[in-house]
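Participant: Quick one: this structure, given as structure tokens, is what I'll be asking you about.
The values are calculated or read from the model by the stated rules, or taken from the named source; none is laboratory data. None of the values given here were measured: they were computed from a predicted structure. Cβ atoms come from the backbone with ideal geometry, glycine included; neighbour counts cover every protein chain shown. Accessible surface areas use protein heavy atoms only, side chains included; no ligands, DNA or RNA. Shrake-Rupley method; radii C 1.70, N 1.55, O 1.52, S 1.80 Å.
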6 protein chains.
Amino acid sequence: MTTRKDGRTTDQLRQVTIERGWSDQAEGSALISYGKTRVLCTASFTPGVPRWLTGKGRGWVTAEYAMLPRATNERSRRESVKGRIGGRTHEISRLIGRSLRAVVDTKALGENTIMIDCDVLQADGGTRTASITGAYVALADAIEWARGKGHVGKNSTPLIDSVSAVSVGIIDGEPMLDLAYVEDVRAETDMNVVVTGRGLFVEVQGTAEGAPFDRRELDSLLDLAVAGAAELGDIQRNALAAS
Amino acid sequence: MTTRKDGRTTDQLRQVTIERGWSDQAEGSALISYGKTRVLCTASFTPGVPRWLTGKGRGWVTAEYAMLPRATNERSRRESVKGRIGGRTHEISRLIGRSLRAVVDTKALGENTIMIDCDVLQADGGTRTASITGAYVALADAIEWARGKGHVGKNSTPLIDSVSAVSVGIIDGEPMLDLAYVEDVRAETDMNVVVTGRGLFVEVQGTAEGAPFDRRELDSLLDLAVAGAAELGDIQRNALAAS
Amino acid sequence: MTTRKDGRTTDQLRQVTIERGWSDQAEGSALISYGKTRVLCTASFTPGVPRWLTGKGRGWVTAEYAMLPRATNERSRRESVKGRIGGRTHEISRLIGRSLRAVVDTKALGENTIMIDCDVLQADGGTRTASITGAYVALADAIEWARGKGHVGKNSTPLIDSVSAVSVGIIDGEPMLDLAYVEDVRAETDMNVVVTGRGLFVEVQGTAEGAPFDRRELDSLLDLAVAGAAELGDIQRNALAAS
Amino acid sequence: MTTRKDGRTTDQLRQVTIERGWSDQAEGSALISYGKTRVLCTASFTPGVPRWLTGKGRGWVTAEYAMLPRATNERSRRESVKGRIGGRTHEISRLIGRSLRAVVDTKALGENTIMIDCDVLQADGGTRTASITGAYVALADAIEWARGKGHVGKNSTPLIDSVSAVSVGIIDGEPMLDLAYVEDVRAETDMNVVVTGRGLFVEVQGTAEGAPFDRRELDSLLDLAVAGAAELGDIQRNALAAS
Amino acid sequence: MTTRKDGRTTDQLRQVTIERGWSDQAEGSALISYGKTRVLCTASFTPGVPRWLTGKGRGWVTAEYAMLPRATNERSRRESVKGRIGGRTHEISRLIGRSLRAVVDTKALGENTIMIDCDVLQADGGTRTASITGAYVALADAIEWARGKGHVGKNSTPLIDSVSAVSVGIIDGEPMLDLAYVEDVRAETDMNVVVTGRGLFVEVQGTAEGAPFDRRELDSLLDLAVAGAAELGDIQRNALAAS
Amino acid sequence: MTTRKDGRTTDQLRQVTIERGWSDQAEGSALISYGKTRVLCTASFTPGVPRWLTGKGRGWVTAEYAMLPRATNERSRRESVKGRIGGRTHEISRLIGRSLRAVVDTKALGENTIMIDCDVLQADGGTRTASITGAYVALADAIEWARGKGHVGKNSTPLIDSVSAVSVGIIDGEPMLDLAYVEDVRAETDMNVVVTGRGLFVEVQGTAEGAPFDRRELDSLLDLAVAGAAELGDIQRNALAAS
């Protein structure tokens, strides 16, 4: 089996750690690392929903993703200084929001809003997938907080499943799990897969960066991703089990 | 077999028409319809490339997508008036650009830029997939124009394949091809698939709007999409064969 | 008499066509051509008025003008991408709105809003005048639609007159009607005239692009414009008479 | 003859004063008053022209108009705070620039730029016309300054004519000259006319605010405006004659 | 004692004049000069307070500062054209607002808002300090106006003290009062001091532009500033005493 | 002596820790804590200077400050989403930049740029002072990095002193050092003081939030700040001594 630059096998995740409750301010929070990629995920709970949802008896979960200017090897200009949010930022924010909503029963959440912020403190590939995996932990804690305060009923279960995400890609013809930045830029095909704890797909986003890919390649990437997501689910569970 | 609201079978495209050369101004253009969805695609050729590409002997293809305010059933505010481009617009513009670049040999294109504009005149679902299919035709014509003017060499073949796109989705548990707007809003899972003329994948973007989906569902959606894309490829070929 | 590049006499309009009801979505719509200039005009009807008008028993008609990036011979940057609307766009939007309001009895319209969108699909001079002429047709249809739905009373006549517009200019000392782009750039004086069906002036906007003009020149331009507007009024009437 | 609220006859200007050289910083400046309307006009001279004009041997004159937030009876929000310039501001800036360029021989000006700023310190109707009349004086002084510094040749005459502007309007059926704010809001028709020292038209912008107007009304407004502009020309000449 | 370029002694203010009631529109206004620095200060009174203050029985005073583009020796771009307000503008606006609020009893003001605008017509150093000194006069007049109209009670005294401001700095090792622009750019240390009529400090903002400063230098700068502010207080009193 | 809510004496700093080299990407970095306030400071080194400095043989140091949306107790809207940077952010960014430049010999730095980013991960008062103290450590490391790479000469000493900052304030009449958030909101007077390692002042920014302050109060605040800054200087030295 191929060995990678950082010594991993092709089906091996980087070291994943979740520092739960990193923030003293947020209702839920997690500092997650996928190797050198580090993302601070916070969940802010507010009673009430945006006006367009009011009175429908359902809650709202949304997300914003951003990167510190020197998270990357070359400093990038702040989006606040540019005065506009880039397409990539928008796209990832929307992806995180959709992924989390897929495991939330908004009826059970009641008319409450949870705002997820994923701020990349350091980037080394996989920032969007680490964001989703970490955001789930922050979300779970915010919901527990809300239950403790009585905003969510004792018998309500707003979380109907867990969710995690991982990238996969084909490099030199070989499918690999959880790409680091140096791998990501070399990948011919790059796929981000969001999977629930039960092993169902929430998002499958495959892109041919170089040559288009065939059905067989697609299948092996999905296999790798499903296995990786199962491991991530265990790590989430362990983090949430600790008190 | 299920019949749909508009009488189609589940594996049937809407009526697709391509009015090539709609514009008197652009180097390539096509007014494409997928049923009531109508998109004006233009390709603008400019010698030279953006500064960051200069001197590398490669060309550049990029795209912008937008919707007229009253393309939809309810008028939406213009993004120029809001002063910022929304996340969805950004996301689709990037998708169109990537899809076209997947079939372009930028070396063979030489240091030239082709800018694709996809403006949705009327929207009834599938605007992004119609944009890609139409944009390919505009792109092909712009490259022919450039060849005629000597910007692209007689023996260069910048287009290494064709590309088209179609949406598929699961409605009431049933996989369906080329969703109209009323179908799209009801779909549990929604997937946009971009396929080359040779049947390879460029993009696979599947999203669970309602319940997450399993591997078997994913497979039948891909089957439908590949068949639909083959039909679209024929329609593109016919349009380009006409003079 | 001078013959022009496209074979017209100095007092001749270009071929004007109005494709009424082009849009399946809008309450009123018209695709108008003045030669190669093509503008899609839609009228969006909404019950209710902006807050500052509420409770005064009067309706509101306003307009937005825009141009597709490749409507012109050289592609221009999208205003949505620039993040701000240019002065020319603002100026023309305001002109269209004022021109239409001049023939609307807002009391008879009741507390309803009609939003006109004029999107230039292809530009060859006279885009603002074509917009006004086409917008009137879309407006008339939207009002009929509203009458049919009961938003406007059976006996109310919100339209107190019709309105159309045409450009005139002096080229090589000769006054000419309905300037195409190549004429427009050469004109010493350029005037846009908005005239009602009864032959009264709504707007007279004359500008010396080169040498200032005298009273006699002003008078012959106005004569030409009034005659051209009468023809345009006939074309509008025919379009609206068809069902 | 009708007497107006402020005691003027219908063909009488308000008191017009020009305080030339108000600024210690600008190359040319004038604080102009039309009654209570007060505009500070400065002309900033810079050697060189914008890139798009470079090497063509011609100069450039352009203008920006703005209003202090409390120039008016009700404070308006600053455009810098809103983050965008309104349509009206754009429109007037463009009008001032065009009006001045109509009397400038840009060849004689050489590759130099003059930027005009018209900032309304107090507004009581006619701010755009006062701006043009005052800007001409600032422009003339900036050109003299440039001649003194050798930027403009001793024998060059960049100013081929003078230019001034005045509003006229029809109130209660009566044509009137130089409308104050209370008159302006009541006018059925409102026209801004820009006239050169030789009596030729640079701009004629007539707008029906209420009922459309006929040819006879248009003619009497033009008569009034031409006479008013002649008086303004005298006031400009006197201001420039003083040292 | 050192003599300065303009003949002043080190502890001497420039000529300070206050033209009270310069504006016909604002509830309070003052055109203040510190030498060639000229700032138009207006105070706009509105009954009611911003939403976040409603129902607390307190008023609100805030300020906006701006500079005309040609107030300075080289023309600067308008912030409205740039589409964003610069850091310096923001900082000074906030300083003016805080300085005025320090002498206002917002309870006594009642639920009313006073908006101060300080627009620099000409700049020669000390624009922020002149703005504060002039704004106080405009504010005082606006409060008198409000008392006259009954918005503020006969026995309420919203102004609990007066406030003025002056700059001080160290040039060639020598502390100096009220720096003109040519002095300001040469100062090693630059301090803006806001002092009440009773001689208490509202703001002390000292900045080492060159070498850091020691406690003894800080002390002599404060001495100079307190003496200068006392003189400014007299000038304000005289201006307000006149009717 | 008064004891504070968190048990400190009035002249006691919160626990201050500096985690040097927190980032794997930046040339210099420090994660600094003042109690619960945590700021990530990075220094990005780039050869070359902005255009306006080119060829003058001097370097450039500048800074940007920002806060994560959930750094505070209530989530605030991202400035990138608002599309504009607030006044407070601008003001603090400028303060940090000036403070660092006061201890940099830009000649010795050569034509190189160092960009400091201070991102507040958690806020509990004193974010601007912690930023300055942490930024100095990141700056020192980036300069050492540049020396190692040969961008800065072996014998050049761009850092001529160290710099740190601390807040002081008067609460219930009592001067206190290093205010936590709950103290800050209650302070009558609030002062941020930036002091060099040699004990000289770089910035003194005192503001009366409630009642204005007198000379004696100012003096005791300065005494407290100078002593606190000396302690911070020791902590910086220790952090930099460690390898």
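Participant: With θ set to phi - 60° and the Karplus curve 6.51 cos²θ - 1.76 cosθ + 1.60, what are the ³J(HN,Hα) couplings of the range D:99-105 in order, to the nearest whole Hz, using x for Gly and Pro?
Facilitator: Each residue's phi maps through the Karplus curve to give 4, 6, 4, 5, 10, 10, 8 Hz.
Participant: If you don't mind, there's one more thing I want to ask. Compute the accessible area per residue over chain D, keeping the other protein chains in place, probe 1.4 Å, unit Å².
Facilitator: For chain D, the per-residue accessible area is 39 Å².
Participant: Taking each residue of B:72-79 in turn, how many C-beta atoms of other protein chains fall within 10 Å of its C-beta, and what is the average?
Facilitator: Values: counts 2, 3, 3, 11, 0, 1, 7, 5.
Average neighbour count from other chains, rounded to a whole number: 4.
Participant: Please compute the contact order of the range D:16-242 in relative form: average sequence separation of alpha-carbon pairs under 8 Å and at least six residues apart, divided by the residue count, as a percent.
Facilitator: Relative contact order, the range D:16-242: 21 percent.
Participant: Out of the DSSP beta bridges found with both residues in the range D:16-242, what percent are antiparallel (nearest 5)?
Facilitator: 85 percent
Participant: Moving on to the next point. For a Förster distance of 30 Å, can you work out the FRET efficiency between the beta-carbons of A:R216 and C:T46, rounded to the nearest 0.05?
Facilitator: Plugging the Cβ-Cβ distance into 1/(1 + (r/R0)^6) gives 0.05.
Participant: While we're here: If you place +1 on the Cβ of every Lys and Arg, -1 on the Cβ of every Asp and Glu, and leave all else neutral, what size is the dipole of the protein assembly as shown about its Cα centre, to the nearest 20 Debye?
Facilitator: 0 debye
Participant: Okay, moving on. Please go through the residue pairs F:K5/F:K36; A:K82/C:K82; E:K82/F:K56; C:K107/C:K154; D:K149/E:K5 and name each one whose alpha carbons sit more than 18 Å apart in this structure.
Facilitator: E:K82/F:K56; D:K149/E:K5
Participant: Now a separate question. Counting only other chains, and only Cβ atoms inside 10 Å, what mean value do you get across the residues of D:97-105? Mind dumping the intermediate values first?
Facilitator: On the way: counts 0, 3, 3, 0, 2, 6, 2, 0, 0.
Per residue, the average neighbour count from other chains is 2.
Participant: From the phi angles alone, apply the Karplus equation (6.51, -1.76, 1.60; θ = phi - 60°) to the range B:199-209 and give each ³J(HN,Hα) in whole Hz, x where the residue is Gly or Pro.
Facilitator: So the Karplus estimates, Gly and Pro as x, are x, 8, 8, 9, 9, 10, 10, x, 9, 7, 7 Hz.
Participant: May I ask you to derive the FRET efficiency for C:D223 and C:R88 from their Cβ-Cβ distance with R0 = 35 Å, giving the value to the nearest 0.05?
Facilitator: 0.80
Participant: Another one. How high is the FRET efficiency between A:A242 and C:T62 when r is their beta carbon distance and R₀ equals 35 Å, given to the nearest 0.05? The partial results should precede the final answer.
Facilitator: Details: r = 59 Å, r/R0 = 1.70.
That gives a FRET efficiency of 0.05.
Participant: Select from the range E:161-206 all residues whose loss of accessible area on going from the chain by itself to the full protein assembly reaches 20 Å² or more (probe 1.4 Å).
Facilitator: E:L200, E:F201, E:V202, E:E203, E:V204, E:Q205, E:G206
Participant: Next question, about the same structure. At 4 °C and 1.567 mPa s, what whole-number value in µm²/s does Stokes-Einstein give for the translational diffusion of the range B:16-242, with Rh from the Kirkwood sum over Cα pairs?
Facilitator: Details: Rh = 17.9 Å.
Here the translational diffusion coefficient equals 72 µm²/s.
Participant: Let me ask you something else. Does the protein assembly as shown classify as rounded, prolate or oblate by the C-alpha gyration tensor (a ≥ b ≥ c root eigenvalues; a/c under 1.5 gives rounded; else a/b over b/c gives prolate, otherwise oblate)?
Facilitator: It comes out oblate by the Cα gyration axes.
Participant: Sticking with this structure for a sec: Taking the Cβ of F:A108 as the centre, find all other residues whose Cβ is under 14 Å away and add up their charges (Lys, Arg: +1; Asp, Glu: -1). Walk me through the numbers on the way to the answer.
Facilitator: Values: positive: F:K56, F:R58, F:R101, F:K107, F:R147, F:K154; negative: F:D105, F:E111, F:E144, F:D161.
Net local charge, F:A108 excluded: +2.
Participant: What residues qualify as long-range amide H neighbours of A:W60, i.e. H under 5 Å apart, gap of 5 or more or another chain, H built at 1.01 Å from N?
Facilitator: A:N112, A:T113, A:I114
Participant: Shifting gears a bit: Counting other Cβ atoms within 10 Å, keep those with at most 12, restrict to DSSP loop, and tell me which GluC sites (Glu not before Pro) in the range D:1-105 are left.
Facilitator: D:E74
Participant: For the range C:161-243, state which chymotrypsin sites (Phe, Trp or Tyr not before Pro) are in a DSSP loop and have at most 16 other beta carbons lying within 10 Å of their beta carbon.
Facilitator: Answer by residue number: there is no such site.
Participant: Could you give me the ³J(HN,Hα) list for the range D:148-159, computed from phi with Karplus coefficients 6.51, -1.76, 1.60 and θ = phi - 60°, whole Hz, x at Gly and Pro?
Facilitator: x, 7, x, 6, 10, x, 4, 9, 7, 10, x, 8
Participant: Next up: Taking the alpha-carbon centroid of each part, what is the distance from the range E:75-148 to the range D:125-182 in angstrom?
Facilitator: Spelled out, the Cα-based centre of one part sits 32 Å from the other.
Participant: May I ask you to list the chymotrypsin sites (Phe, Trp or Tyr not before Pro) in the range C:1-75 that are in a DSSP loop and have at most 11 other Cβ atoms within 10 Å of their Cβ?
Facilitator: For chymotrypsin sites (Phe, Trp or Tyr not before Pro) across the range C:1-75 that sit outside H, G, I, E and B with at most 11 neighbouring Cβ atoms in 10 Å, the list is empty.
Participant: Turning to a different aspect of this structure: What accessible area, summed over both chains, is buried at the B-D interface (1.4 Å probe, Å², nearest 100)?
Facilitator: 100 Å²
Participant: State the answer as a single residue: which of E:A135, E:S76, E:P158 lies farthest towards the positive end of the charge dipole of chain E, with beta carbon charges of +1 for Lys and Arg and -1 for Asp and Glu, about the Cα centre.
Facilitator: Toward the positive end, the furthest listed residue is E:P158.
Participant: Let me ask another. For n ≥ 4 DSSP H runs only, could you compute -39500 (n - 2.57) per run for chain D, divide by its residues and tell me the 222 nm figure to the nearest 500?
Facilitator: -10000 deg cm²/dmol
Participant: What does the charge dipole of the range D:56-120 about its Cα centre add up to, to the nearest 20 debye, if the Cβ of each Lys and Arg holds +1 and the Cβ of each Asp and Glu holds -1?
Facilitator: Details: 13 positive and 8 negative charges, 49 e Å.
So the magnitude is around 240 debye.
Participant: I would also like to ask the following. Compare the Cα positions of C:A227, C:L13, C:Q25 along the charge dipole of chain C (+1 at Cβ of Lys, Arg; -1 at Cβ of Asp, Glu; about the Cα centre) and return the one farthest towards the positive end.
Facilitator: Of the listed residues, the answer is C:Q25.
Participant: Still on this structure, I have one more. Which residues, if any, in the range F:39-68 have at least 40 Å² less accessible area in the whole protein complex than in the isolated chain, probe 1.4 Å?
Facilitator: F:E64, F:L68
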